[in-house]
Amino acid sequence: MIQNSKGKEKVVNNTIINSSIENNNIGKKGMNYWILETGATNHMACSIFAFINYYKIKPVRVKLPNNQNVTVIFVGTVFLTKDIILHDFLYILDFMLNIIFVQRLMKSLKCQIVFTHDVC
């Protein structure tokens, strides 16, 4: 369940975890799955097709969850649903996962995320 700062609740029911993204980017590597991560420091996407726009940045080194260090040269905006558009996503070419940093998601949406045994 995601609850925004105005008290409105929205049950997500795997919209993020097992998303088939509304902009028809399914079928590309890793595009069908979005992992909510509490230990990440940035949102990361593995396919350039996830982005609705992106731009080149000064190269930055990033350590991935598998302890691999990679260089990031593109950052952009990802459209998950009509209600969830996230900015400052890193494009990681040599990675097979899409990661949404929970703390940044909550800040962007001005919401709380509650995990229970039967609702996510």
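FYI, it's all coordinate maths here, none of it is from the lab. Keep in mind that this is a model prediction, so the values were computed, not measured. In this analysis, Cβ positions are derived from the backbone assuming ideal geometry, glycine residues included, and neighbour counts consider all displayed protein chains.
Taking other Cβ atoms within 10 Å as a rough exposure proxy, 73, 84, 99 sort from fewest to most as 73, 84, 99.
Taking other Cβ atoms within 10 Å as a rough exposure proxy, 108, 47 sort from fewest to most as 108, 47.
Each of 87, 117, 43 was scored by other Cβ atoms within 10 Å of its Cβ. Listed from fewest to most, they are 117, 87, 43.
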